[in-house]
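One structure is given below, encoded as structure tokens.
The values are calculated or read from the model by the stated rules, or taken from the named source; none is laboratory data. Just so we're clear, the structure is a prediction, and the values are computed from it rather than from any experiment. Note: ideal-geometry Cβ built from the backbone for every residue, glycine included; neighbour counts use all protein chains shown.
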Amino acid sequence: MVIYDKEYAKYSLFFGGVIFMKKLTNNIYYIPHKSDTDRPVIGLVNGSKYSLVVDAGNSPHHAREILEEVDQLGVNNVKYLAITHWHWDHVFGIHYMNLLTICHQLTDKKLKWMQQLEWDDKALDERVASGEEIEFCSSMIKKEMPSREGLILRNGDITFDSKLEVDLGGVTCIIENVKGDHGEDSCIVYIPSDKVMFLGDCMSPDFYSGARSYSHKVVDMINKITQYDVDTYIAAHDEPLEKEEVHQYFNELIAIEKLTRDIANLEAAIEVFKKEYMRDPIEDEMDTLQCFVNGNLK
Ligand SMILES: [Zn+2]
């Protein structure tokens, strides 16, 4: 595999982290997430003709590390890159992967917008001050890439509206836009032969427009996801999760959405919860209640 040394040379100072590709099933590998600079999980789906990478990494040097790991595996013709959504940590490596990039049309639109932006410290600080960017992402971008000079952002090569299937030879990937609160463009990548689904960040709340929030959108999203037969889910900033764990969380989200409909303050939401469950909410439930209340206030 060709690695773009010319571009990477600029970032080699910051290269040197150790990552390990893990085998999940017969046809699927993944690189675990790393929270220190908010690197998401990277997936690799291996067919007899082609392979597909899920998400591009959060920097040129992350992309390079991914390609080096993939190269060492000796998998078949790595051809496609599927993007789960437009957030920086999933897309900054697209150019450096140099694969055929598949993304939802809304993701593509956002990527084209991101290409117009400046990404130096001053521009990031200004966007944080104006509310266009959030402090967490700004600080993680600075930590992952102390210099962003020459950073090249790229949009997709193949876009789709609601759903796309990719035949890798004996292994199919279904890429579907499930929407939800985290982003209208959120997509899952489902591999029926292995009963594995990459979720990107779609289970997370909206944290880009004011206080973290969930809305009724989460129910439609869960219905789309659970139509598939899945044994293992992989959320982008978590360890792989068994079906039972994820479905339990989905049930909790659906129940709390129903309980908090039209409730605009946390105290009232807690009272409704206590009445329903005859107990106080635990920490996670309290957080979910707050997210739905925030969603009602938007
Ligand atoms: Zn995200």
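Here is how the numbers come out for the structure above:
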quantity: Any hit, the stretch 114-127, residues being surrounded by 14 or more Cβ atoms within 10 Å (Cβ to Cβ), within 16 Å of the ligand (Cβ to nearest atom) and in a helix (DSSP H, G or I); calculated: yes
quantity: Boolean, T107 is within 22 Å of S204 (Cβ to Cβ), at pLDDT 95 or above, surrounded by fewer than 22 Cβ atoms within 10 Å (Cβ to Cβ) and of a type in the set (S, T, Y); calculated: no
quantity: Residue ID - farthest from the ligand (Cβ to nearest atom), chosen from residues in the stretch 49-82 that are within 18 Å of W119 (Cβ to Cβ) and part of a loop (DSSP other than H, G, I, E, B); calculated: S59
quantity: Helices (runs of 4 or more DSSP H) wholly inside the stretch 197-291 containing at least 2 residues that are within 16 Å of the ligand (Cβ to nearest atom) and buried (at least 20 other Cβ atoms within 10 Å of the Cβ); calculated: 217-225
quantity: Matching residues, the stretch 4-28, being under 18 Å from L81 (Cα atoms), at pLDDT 95 or above and either within 16 Å of the ligand (Cβ to nearest atom) or surrounded by fewer than 22 Cβ atoms within 10 Å (Cβ to Cβ) (or both); calculated: N27
quantity: Residue in the stretch 29-48 that is farthest from the ligand (Cβ to nearest atom), counting only those that are hydroxyl-bearing (S, T, Y) and under 16 Å from the mean Cα position of the chain (by Cα); calculated: Y30
quantity: Every residue from the stretch 167-196 that is touching a Ser or Thr at 6+ places or on another chain (Cβ under 9 Å), in a loop (DSSP other than H, G, I, E, B) and within 13 Å of the ligand (Cβ to nearest atom); calculated: G180, D181, H182, G183, D185, S186
quantity: Odd one out for E132, checked against (1) assigned to a helix (DSSP H, G or I); (2) surrounded by fewer than 20 Cβ atoms within 10 Å (Cβ to Cβ); (3) of a type in the set (D, E); (4) within 16 Å of the ligand (Cβ to nearest atom); calculated: (1)
quantity: Candidate set: the stretch 83-101, residues that are outside any helix (DSSP H, G or I) and either among the hydrophobic types (A, V, I, L, M, F, W, C) or out of contact with any helix residue (DSSP H, G or I) (no Cβ under 8 Å at 6 or more places or on another chain) (or both); chosen: the one nearest to the ligand (Cβ to nearest atom); calculated: W86
quantity: Residue match in the stretch 157-177 (condition: in contact with a helix residue (DSSP H, G or I) (Cβ under 6 Å, 6 or more places away or on another chain), of a type in the set (A, V, I, L, M) and either crowded, with 17+ Cβ neighbours inside 10 Å or at negative phi (or both)); calculated: no
quantity: Breaking point among (1) farther than 21 Å from H33 by Cα; (2) within 16 Å of the ligand (Cβ to nearest atom), for G150; calculated: (2)
quantity: In the stretch 182-196, the residues that are surrounded by 19 or more Cβ atoms within 10 Å (Cβ to Cβ) and under 30 Å from G131 (Cα atoms); calculated: H182, G183, D185, S186, C187, I188
quantity: Boolean, S138 is within 16 Å of the ligand (Cβ to nearest atom) and without any contact (Cβ under 8 Å) to a residue 24 or more places away in the chain; calculated: yes
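Residue-by-condition table, conditions (1) of a type in the set (G, A, S); (2) farther than 29 Å from Q227 by Cβ:
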position: P240; (1), (2): no, no
position: A255; (1), (2): yes, no
position: R261; (1), (2): no, no
position: D280; (1), (2): no, yes
position: L297; (1), (2): no, yes
